[in-house]
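The values are calculated or read from the model by the stated rules, or taken from the named source; none is laboratory data. No experiment lies behind these values; they were computed from the predicted model shown. All Cβ positions, glycine included, derive from the backbone under ideal geometry; neighbour counts span all protein chains shown.
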């Protein structure tokens, strides 16, 4: 190989190195500037409202009273509800697809799951309004809007995320582990429960984290079914609101820079922080469990 | 000596391909039987017949008879889960579960219903001692098995198997992924184990078969060419193909 050729190869390598670095920097800058902008605008809220009142107040009546607790509670509650309902169901679906279903059923289910992801959220909300709302309303005697319905709709929305990521995780467990379990006289269920699930735990956690991120950030479908009443939910079936729904309903009608508008920005910042801390919390818990195994 | 397995006219097809042809052999109790032959000759497939691991592979069809203590393992009333408890298997590559050393060994007893903590402790220690691993791991029982060396992992897999008290131990090239020292340890272990267990071992390594086994079967292209006492097979083979193989003319 002659020297000129080598030099051009090295230059080429260098060029790509810079392209990658620049891309990474751009991505970092974008994320950082979003956080910066949202927090800078949001933190101006506290020129007019006390920090303490904002976080612990339960009465939202702007301009005047800015108690944002009902929205934080609403966001966290619908997310946890969605995970509690959709997580186990999605995991069961993933186990079915990865380990129980005959190949031809998997061939149908796999693309169907992917298709599921592409359904716009307004469609989910619409289904919630026309199918689930009357049922809930019938059994509770109320209007039917509230945390429960939002949780159910979100649970359905996160199913494809949970299923496809968990399925990948389960299928990536080496076949030899499974064979090892069978060779000790384990049944299929024992093998799934005691070997496959523990071995794919990091992947399953990723599935839950992404599902949570989707659930907490979802706006349209939730706004359609939660009732949009800015008060602390008194029950699972009472109309309430979340951080996202309150932002979308008011951001158009509040002038930029006004305390009310700033408060919405601060709520967006809280949304970021809440989802970030949920993710960190889960990672922390799982890493500790994994560390104990070492 | 008593027969543990009696195999009669076994044929195995994988989809349209016949992988084993008219295999008949008796596997003696508390002996080591080695299966040798070149890659793809059917020796591993045959081993996996004995505890019905081939059931997990789609498209496998079997005819013929395999008797374990005079009972047909393909009979309608056979519980395959119970069969695998009696006939356990060690694999080519060590496959410890991603959990602690203790939990690996306790896995079998636990799935078979043993809940008593003291009893489990006892089984774990006894199994690890039988697998000549206790001294190396007794101070790290509750740490991940994945931190052990390859040779230790393979002995752990043997301990894990011994903990369910099988009658037969099937080994599929158990030392092919290990260094010579670890191999030596496993071979020593095999000689101890045969006092209590019937062992069938697939090996690529003819010296290993000669060193550890009592009987040896030579497989070639799905046929069992020759089967007899190890010493006879290696010193006075009756079939030309066996002689060609053991003298290294092919394979």
Qualifying position, being crowded, with 21+ Cβ neighbours inside 10 Å and closer than 16 Å to residue A:182 by Cα, among B:108, B:113 = B:108
Would you be able to say whether some residue in the stretch A:266-287 is within 14 Å of another protein chain (Cβ to nearest Cβ) and buried (at least 18 other Cβ atoms within 10 Å of the Cβ)?
-> no
Might you let me know whether the stretch A:140-152 holds any residue that is touching a residue at least 40 places away in the same chain (Cβ under 8 Å), over 24 Å from the mean Cα position of the chain (by Cα), surrounded by fewer than 23 Cβ atoms within 10 Å (Cβ to Cβ) and assigned to a helix (DSSP H, G or I)?
-> yes
Would a scan of the stretch B:185-199 turn up a residue that is within 22 Å of residue B:49 (Cβ to Cβ) and over 13 Å from the mean Cα position of the chain (by Cα)?
-> no
Do you know which residues across the stretch B:109-124 are more than 9 Å from every other protein chain (Cβ to nearest Cβ) and assigned to a helix (DSSP H, G or I)?
-> B:109, B:117, B:118, B:119, B:120, B:121, B:122, B:123, B:124
Condition check for residue A:223: surrounded by fewer than 22 Cβ atoms within 10 Å (Cβ to Cβ), within 24 Å of residue A:74 (Cβ to Cβ) and assigned by TED's automatic domain parsing to the domain that holds residue A:86 | no
If residue A:249 satisfies every condition in (1) touching a helix residue (DSSP H, G or I) at 6+ places or on another chain (Cβ under 8 Å); (2) outside any helix (DSSP H, G or I); (3) farther than 23 Å from residue A:162 by Cβ but one, which is the exception?
-> (2)
Of (1) more than 12 Å from every other protein chain (Cβ to nearest Cβ); (2) crowded, with 23+ Cβ neighbours inside 10 Å, residue A:213 fails just (2)
Here are A:72, A:29, A:25, A:38: which of them is outside the structural domain of residue A:241 (by TED's automatic domain parsing), closer than 29 Å to residue A:229 by Cβ, surrounded by 10 or more Cβ atoms within 10 Å (Cβ to Cβ) and out of contact with any strand residue (DSSP E or B) (no Cβ under 9 Å at 6 or more places or on another chain)?
-> A:38
If you take the residues in the stretch B:61-105 that are more than 30 Å from residue B:116 (Cα to Cα), in contact with a strand residue (DSSP E or B) (Cβ under 8 Å, 6 or more places away or on another chain) and surrounded by 16 or more Cβ atoms within 10 Å (Cβ to Cβ), which one is nearest to the other protein chains (Cβ to nearest Cβ)?
-> B:92
Any hit, the stretch B:154-167, residues being within 11 Å of chain A (Cβ to nearest Cβ), surrounded by fewer than 17 Cβ atoms within 10 Å (Cβ to Cβ) and within 19 Å of residue A:198 (Cα to Cα) = no
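Would it be correct to say that residue B:129 is at negative phi and in a loop (DSSP other than H, G, I, E, B)? Talk me through it step by step, then tell me what you get.
Numbers: at negative phi: yes; in a loop (DSSP other than H, G, I, E, B): no.
Taking the combined requirement at face value, the residue does not satisfy it.
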So how many residues does the stretch A:180-210 have that are at the interface with another protein chain (Cβ under 7 Å from one of its Cβ atoms) and more than 29 Å from the chain's Cα centre (by Cα)?
-> 8
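Is it the case, given these coordinates, that residue B:188 is on the phi > 0 side of the Ramachandran plot and either surrounded by fewer than 22 Cβ atoms within 10 Å (Cβ to Cβ) or in contact (Cβ under 8 Å) with a residue 40 or more places away in the chain (or both)?
So residue B:188 does not fit the description; no.
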Counting only residues that are buried (at least 19 other Cβ atoms within 10 Å of the Cβ) and assigned to a loop (DSSP other than H, G, I, E, B), which one in the stretch B:200-223 is farthest from the chain's Cα centre (by Cα)?
-> B:222
